[in-house]
Each structure stands twice: as structure tokens, then as C-alpha cells.
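Trainee: This is the structure, below, for whatever I ask next.
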Amino acid sequence: MINTDKNSITYTQFVLIITGIQISVAVLSLPRKLAEAAGSDGWLALPLGFILNLVCSYIIVAVMRSCSGRTLIDTVSAMMGKWIGKAFALALAFYFLNLMYDGLVRAILIVKIWLMPNTQAYVLMLLLLFPAYKIALGGPRIIGRYAELVTVISCWLPFVYLFTLKYAHWLNLLPFFKEGFLPVLYAVKSTIYPTLGLAAVFILYPYLKNKEKAAPALFISNMITTTVYLFITIICFIYYSPHESKFYNDPIISILKTIEFRFIERIEIPFISFYLFVFSLVWIPSMYIVSYCMSLVFELDSHRTPLRVLCIVLIVGTFFYMPTFNQSDKIQHFLTWFGFSMEYVLPSILLIAITIYNRYRPRNAL
Amino acid sequence: MKQQSHPFASLIVIMGCLILSACGDQLSLENASTPLALGIDLDQDEKFHFYATAPVYSKNIKKKSQEITGEAESLRQSKALQDSQTAGSVQGRNYQVLLIGRHLLQYNDWFPMLDVIFRDARNTITDRIIVVDGSVKELLYLNPPDQPLLPIILRGMVDTKTTKSETYSTTAQELHRQFMDKGVTPYVAEVKVVNKQIQLKGSALLNERGKYMMSLNAQETILLNILQKQADPGFSLSYLIPDKPQTGPFATNMLSFTGGKVKTSIKTAYANQKFKFDIHIKTTVGLSEHIFPIDITKDSPKLQKQISSLMQEQIEGIIEKLKKHKIDPIGLGVYARAYQYEHFKQVEDEWGEAISRSEINVKVDLTIGAMGPVK
């Protein structure tokens, strides 16, 4: 698809889509994973993860800049041939398929365990995919607007967590680096999975109106993600005792159960329903990217058909097979490494390849 | 063609949503029985029993609550037994209080029995944990005609007394934290049935495995709250001033005051193989009652010193008892972990032992801020 003005996205939309893909279902278990790796020092790994992501963002932007307006897949095709380009598109599609499937499966499992244990998974999948299909069909601009809408209607969510500060035990955080620096470094691994999503820049960059601002935009979206994660992790660590943080699968939801209002007894119910909006920001852009990449592979003129096939396969597939929590954990574990290679290793290789290519083929300069 | 498909597609969507809405999880209110209190206790033969009381919504029934009880292996295992005693299906989504009998607390490691409360995501975990000095059965079947439903009165009792620091409104979640935190031992509210009346005793202190160790009365609980930095302004303490005359049957040497904001600072140190805690309590109080005549404007320094030392003595007495029972409801272990991590780590699994060996110094600095509207 060619970049048209009709489908371009603004700076804010770009920031919010990237942040949306990053802050996904992973946020629910992040405090536990950090605690498992480094105890109450786990939150110290978040700033380190932030720096790592920042470096990776700049590499991706540098790669995209050297493509000068074309999509990355076109560039790779021009550089290394059509089939390698297609293989690259396929890899990207497979990666985002994983990300999307993981997001959907986790969201459904969470809804099932907390809200509706007796409802079939494929029913929930069907209900989630109706709106997702409509939005993903609209392309980047509609997704961008949806991201803005979700941000506006869900920006009050973190403030409710402040109610738990009444029971805060700040001393739980002390002392810093209690077991030394190594566990903290080890915990950085746990921050990879929750910050995945930067690869979406490969696809979305050409749609960005003001391309010079891509780097600051990524800085801001990484900043937002890290701030949200820091906030939520620290809230969990000062509320739960150090050994307890590892006990809850999804501490972010469990902690909500302890908030009491006079007018509502189980506050986690509206919250989880609301979280679905936030989580939808991982699978909707991913759905678009998957179907877009597939349309490139099969040389279709729009992403409509792949998107329809994707939705139908998902629903029918869920009817026959739905991962359990343990299997979903395995997907997440796999995604950590797959994501690491797709978002950290691959861009670096690409950057080197493109730089070398540009230097030795000046006539065909991109 | 694209234009035509739109109304059709929307129709499918609307149909789908209508058919799928509410899904498989609906439960009519008529079919639900929602107990507001859950109790667990042991009988004479050391058998585990559950108790529950659910409100009855009907004009024609005089008694406003229905009690469910039975012998069980565990709480969820007894679900069928619970259901069999009510018209609807028993839902654990609305527990206000969770009663635990003292008999059950004679044993260690009963806490995992409450697992279902945390594992079934639909259960509330803000139910207040209350220890019953006596049998849970007696309390549950009390049903005094002049009082609201038992769960309501207990919850109200615990919640309001907690604002006065006279007890603890320990939720199931908070109890879980206290059990999981190695630097603190659990503390919960305690009630007793006295002459067919429910009475709040104060607080019950458990050891790290949940066995009942000792009880504190209301005033002692306030002092423990002060040590825990949880005391809100408004608590009330009373002392007999030793050098004042007492005449007749009246406690004319009594003095009461209302606490203001309390500043408790706890310093942690480690020396000679033991922990050392220096606790310094500073507060400004307002006198609310002194039955003996005294000129506050002149004698307040002396009186301040007297009250301070009385308070200090009582706190030291409590700490002595805590050390004897090897428990740490104050949460000194949390301080030890934060400031003496290396040493704490070695003893965290037998923290009770370490606290009984530790040295705890208390100093109270009390200022009389107001003497009330009369001289």
C-alpha cells in the first residue's frame, strides 16, 4: 500500500499506538516477574530496560530513515531481492501474529478467571474480534484515532491505584540492591516482554506525517511506558510484602480487590472490563500489521481479505483449541526471545546491512 | 455491493451480541444465597466445622437470618453441604466478616484452609477477620432480638473501633500479608460473648504460623497501634495517677486524655549478636478527664512526666510479653530488613526467636496541649 495523505497519522497518534502496543497484557504480571527475578529490587531494572529500549528505538528510526519514505519491506526487496523481502514480511507477520494471539489469549483467560468462568472462550473471542475487525480494517489513521480515544477514556485508571497507598509499607523497598547488582541485571530480561512493540515502527513509520519527529516520539512513548510500569510496580511492592509479590499471578488485578468503596464492592470487575480497551491496543494494531504484511506477501491490493481470513481462523481455531494459563506462559516465554531478536538484534543487523549497501551502491542510493 | 452488505453485517453483529450477552454466567438473585459471615472452628472432637449466616429477605419470616453449618474437610469441599441447606446456591461474594474460633487457633498452620478465599477470584478478600473467644457456634446462633444482623454489627464494631485504634480491622488480604511477611506476626480483632451480648475485647496476637499467643485489651491495642505507627488522632487513654488520693468507691485518681498526632520513630541497630530497636514516641494530647484537682498551668511539666512514664511502663510491659511469646506484631522485622538486611537475612526464618533476644528501648515524650474548657 502506498502512503497517502488520507491514511497518515499524527505525532500523538504515533506515540499512542506504540505505547499501546507496549503496555499490554504483560503489565498484569510484570511486578511478579520482576519480584521473581530480583525481589523487591525488581523495579530498579525498569530504568535499565528503558535505556535498552531507547537504544533500540534509535536504531529502528535510523533504519527507517535510510529507507527514505518507502516501507522497509520494499527496501529489503530492492536490496536483497523479492523473495528475501517476502520472507522478511512473513517473519514480521509471524511475529505480530504471536503478539496478537498472546494478547487475545491472555485477555480472554483473565476475563474467564475473574469475570465469567463458565463462558466459552470462543464466545469471548468472537465478541472481542467484532470491534477489532472494524477498527483494524480502517488502517493506521483509524487505529491512531482509536488509540487516542482509549488513552482519553482510560487515563484515570492509574489514579485509582493511589487508594492503596493508605496501606503502603515504604520500608519494603529498602535496602536497594540488597542482593547486589546481578539480580537486577537479570530482571532486565523480564522487562523485555512487556516493552515489545517497537517493531511496529517498521510498518507505521511511512505513515507518520512528520518524520523528523519519529525519534522524539519514540522517546516519549518509551517514557510513558516506563513511567506506567514503574508506578504500578512500586505500588505493588509497597503494598505486598516482599515474598508475597511473587504469590499473585496478576498482582495488578489482585491489588484492586483490596480497594473498598462504599458504592461498589468488587471494583476489579469494571476495571478488568475497562482494561480490555487498553489491551485491545495490542491486538488491533497487530492485526492490521499481520494482514498488511500478508497482503504484501500475496501481492494483494488491500489488507481486507487477509484480515477476514485471520478473524475467521482465530474464532474457529479458538472453538477447537484454547491455550491454558501455562501454555500462555510458554507463549510469553517464547515471545521474550523471539521479540528480542526481532526488535533488538534484527534492526541492528538491518542497520549495518543498509549502511554497507548504501556505501557500495551509490548509484542506486535509496 | 459493498454498500449493500453493510446493513446486513450490522444485523449479524447485533444478533450475535444479543444472543451472546450475559453468556453462561448469569445468576438470578432468587437463586443465590449470599452469606454475610463465614465462621470456622473445631468441635469437641477436633473436627473442622464451617458456619455461615445469610440474610433472609421475606416479609413473613420473623427471623431475619438463616444459619448454615456442617462438618467438613475443607471450605470448598463443603460447597454441596452448604448448598443443600439453602434454597439457592451459596455464593462467597459478599462476606463481611470471617470468624475464627479460639479452639482452632490452638493449632499451627490453619491459614492454608482459607485458600479458597484467595483462589476463587470471585470471593471478596476484604472481609474482616475476627477471632472469637469462645465458640463460633454460640456467637452465630446468638441472634439477639435487639440487634441488627450479626455480620453487620460485627463489621460495624470492628470498623469504627479501628478508627479509634482500639482494635484492628484486619482484612483477609491484610492477614495474608502478615502471614507472608517474615518481619511481622499477625494481629486481628477479638470478640467475646458476654451475657448474651457481643463484646469487642481488643486484639488477638498470633505467632507466625497462626497459633494464638495472647490477647490485648482496648487500651493495650491503642499502644500497639502507636508502636505500629497506625494510631490515628482521637484515641483515648486512661491512667491512674499514683500519688493522687483515692476516696471511697470512686477512682478519683483517674486521668484520661485524647491523643493527637503521634510521631513514632524507630531506630534499628545491630550489636553483640542481637538487634537493638530504639522507639521514640512523641505526641501532644488534650486532657479529657481528670477527677482529682490539679493546676495544669503550674503542674503540667510534672504531670506530663508522670503520664509519660506510666505510658512508657505499660508499653514496656506489652513488649516484654511480646518477647516472651516470641511474636512481633509491631513489625520490627520490617525495619530490621530495611536497615540491617545482612543480619536480618540470617534470622528471617526464626524471627520470633531473634525478637525475643533483641533489645527494645522505648521512650515516651508527651506534651499536654489542652486542658479542656474547664479549669
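The values are calculated or read from the model by the stated rules, or taken from the named source; none is laboratory data. Everything quoted here is computed from the prediction, not taken from an experiment. Because the Cβ atoms are built from the backbone with ideal geometry, glycine has one as well, and the counts that use them run over all protein chains shown.
Residues checked against (1) buried (at least 18 other Cβ atoms within 10 Å of the Cβ); (2) farther than 23 Å from B:THR126 by Cβ; (3) touching a residue at least 24 places away in the same chain (Cβ under 8 Å); (4) assigned by TED's automatic domain parsing to the domain that holds B:LEU149:
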| residue | (1), (2), (3), (4) |
| --- | --- |
| B:ALA54 | yes, no, yes, yes |
| B:LYS64 | no, yes, yes, yes |
| B:THR69 | yes, yes, yes, yes |
| B:GLN77 | no, yes, no, yes |
| B:ARG93 | no, no, yes, yes |
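Trainee: Of the numbered conditions (1) farther than 24 Å from A:MET100 by Cα; (2) part of a helix (DSSP H, G or I); (3) within 14 Å of chain B (Cβ to nearest Cβ), A:VAL184 satisfies every one except a single condition; which is it?
Mentor: All conditions are met except number (3).
Trainee: Kindly evaluate A:THR191 against the criterion of being more than 14 Å from every other protein chain (Cβ to nearest Cβ), part of a helix (DSSP H, G or I), within 30 Å of A:VAL61 (Cβ to Cβ) and without any contact (Cβ under 8 Å) to a residue 40 or more places away in the chain.
Mentor: Judged against the criteria, A:THR191 is not a match.
Trainee: If you don't mind, another one. Restricting attention to the range A:174-201, report how many residues are surrounded by 17 or more Cβ atoms within 10 Å (Cβ to Cβ) and either modelled with pLDDT of 85 or more or within 30 Å of A:PRO270 (Cα to Cα) (or both).
Mentor: Residues that pass the stated criteria total 16.
Trainee: Criterion first (on the phi < 0 side of the Ramachandran plot and outside the structural domain of B:ASP41 (by TED's automatic domain parsing)) does B:TYR239 satisfy it? Reasoning before the result, please.
Mentor: Values: on the phi < 0 side of the Ramachandran plot: yes; outside the structural domain of B:ASP41 (by TED's automatic domain parsing): yes.
So B:TYR239 fits the description; yes.
Trainee: Picking from A:LEU34, A:LEU44, A:LEU54, which residue would you name as being in contact (Cβ under 8 Å) with a residue 60 or more places away in the chain, assigned to a helix (DSSP H, G or I) and within 17 Å of the chain's Cα centre (by Cα)?
Mentor: Just a single option satisfies the conditions, and that option is A:LEU54.
Trainee: Looking at the range B:101-108, is at least one residue in contact (Cβ under 8 Å) with a residue 40 or more places away in the chain, in a strand (DSSP E or B), crowded, with 18+ Cβ neighbours inside 10 Å and out of contact with any helix residue (DSSP H, G or I) (no Cβ under 7 Å at 6 or more places or on another chain)?
Mentor: no
Trainee: OK, next. Here are A:GLY139, A:GLY85, A:GLY81, A:GLY103: which of them is surrounded by fewer than 20 Cβ atoms within 10 Å (Cβ to Cβ) and either in contact with a helix residue (DSSP H, G or I) (Cβ under 6 Å, 6 or more places away or on another chain) or among the aromatic types (Phe, Trp, Tyr) (or both)?
Mentor: Result: A:GLY139 is the single residue among A:GLY139, A:GLY85, A:GLY81, A:GLY103 that is surrounded by fewer than 20 Cβ atoms within 10 Å (Cβ to Cβ) and either in contact with a helix residue (DSSP H, G or I) (Cβ under 6 Å, 6 or more places away or on another chain) or among the aromatic types (Phe, Trp, Tyr) (or both).
Trainee: Moving on to the next point. Looking at the range B:109-121, is at least one residue touching a helix residue (DSSP H, G or I) at 6+ places or on another chain (Cβ under 8 Å), of a type in the set (Asp, Glu) and modelled with pLDDT under 85?
Mentor: Taking every residue of the range B:109-121 in turn, at least one turns out to be touching a helix residue (DSSP H, G or I) at 6+ places or on another chain (Cβ under 8 Å), of a type in the set (Asp, Glu) and modelled with pLDDT under 85.
Trainee: Output the helices (runs of 4 or more DSSP H) that fall wholly within the range A:241-354 and possess 2 or more residues being basic (Lys, Arg), or say none.
Mentor: By residue number, A:304-320.
Trainee: Next question. Look through the range A:147-181, keep the residues that are more than 10 Å from every other protein chain (Cβ to nearest Cβ), more than 25 Å from the chain's Cα centre (by Cα) and free of Cβ contacts under 8 Å to residues at least 40 places away in the same chain, and return whichever of them is farthest from B:VAL334 (Cα to Cα).
Mentor: A:PHE181
Trainee: On to the next question. Answer with yes or no whether B:THR258 is within 14 Å of chain A (Cβ to nearest Cβ) and either of a type in the set (A, V, I, L, M) or surrounded by fewer than 24 Cβ atoms within 10 Å (Cβ to Cβ) (or both).
Mentor: The answer is no for B:THR258.
Trainee: Residues in the range A:103-123 that are farther than 24 Å from B:THR124 by Cβ and facing chain B (nearest Cβ under 9 Å): how many?
Mentor: 2
Trainee: Among what's in the range B:114-136 and is in a helix (DSSP H, G or I) and more than 19 Å from B:ALA189 (Cβ to Cβ), pick the residue that is farthest from the other protein chains (Cβ to nearest Cβ).
Mentor: Ranking the qualifying residues of the range B:114-136, first place goes to B:VAL116.
Trainee: In addition: Report the residue count in the range B:326-346 for those that are buried (at least 20 other Cβ atoms within 10 Å of the Cβ) and of a type outside the set (Phe, Trp, Tyr). Give the steps one after another, and end with the answer.
Mentor: In the first step, residues of the range B:326-346 are kept if they are buried (at least 20 other Cβ atoms within 10 Å of the Cβ); the result is B:327-338, B:344.
This time we only want the ones that are of a type outside the set (Phe, Trp, Tyr), so: B:327-334, B:336-338.
Number of matching residues: 11.
Trainee: Here's another thing I want to ask about it. A:PHE271 passes all but one of (1) buried (at least 24 other Cβ atoms within 10 Å of the Cβ); (2) within 14 Å of chain B (Cβ to nearest Cβ); which number fails?
Mentor: Tallying (1) buried (at least 24 other Cβ atoms within 10 Å of the Cβ); (2) within 14 Å of chain B (Cβ to nearest Cβ), A:PHE271 fails exactly one: (1).
Residues checked against (1) at pLDDT 90 or above; (2) more than 18 Å from A:ALA199 (Cβ to Cβ); (3) not charged (D, E, K, R):
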| site | (1), (2), (3) |
| --- | --- |
| A:GLY39 | no, yes, yes |
| A:PRO47 | yes, yes, yes |
| A:PHE50 | yes, no, yes |
| A:ILE60 | no, no, yes |
| A:CYS67 | no, no, yes |
| A:ASP74 | no, no, no |
| A:ALA78 | no, yes, yes |
| A:LEU92 | no, no, yes |
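Trainee: When the range B:156-174 is examined, which residues are found to be more than 17 Å from A:PRO251 (Cβ to Cβ), outside any loop (DSSP other than H, G, I, E, B) and either touching a residue at least 60 places away in the same chain (Cβ under 8 Å) or at the interface with another protein chain (Cβ under 8 Å from one of its Cβ atoms) (or both)?
Mentor: Of everything in the range B:156-174, those that are more than 17 Å from A:PRO251 (Cβ to Cβ), outside any loop (DSSP other than H, G, I, E, B) and either touching a residue at least 60 places away in the same chain (Cβ under 8 Å) or at the interface with another protein chain (Cβ under 8 Å from one of its Cβ atoms) (or both) turn out to be B:VAL158, B:THR163.
Trainee: Go through the range A:252-263 and give me each residue that's within 12 Å of chain B (Cβ to nearest Cβ) and either under 19 Å from A:MET116 (Cβ atoms) or not aromatic (Phe, Trp, Tyr) (or both).
Mentor: Just the residues of the range A:252-263 that are within 12 Å of chain B (Cβ to nearest Cβ), to begin with: A:253-262.
Hits for the range A:252-263 are A:ILE253, A:SER254, A:ILE255, A:LEU256, A:LYS257, A:THR258, A:ILE259, A:GLU260, A:ARG262.
Trainee: Do we have A:GLY85 as touching a His at 6+ places or on another chain (Cβ under 9 Å) and farther than 20 Å from A:ILE17 by Cα here?
Mentor: no
Trainee: A further question on this structure: What is the residue count in the range A:202-221 for residues that are surrounded by fewer than 21 Cβ atoms within 10 Å (Cβ to Cβ) and among the small types (Gly, Ala, Ser)?
Mentor: So the count comes out to 1.
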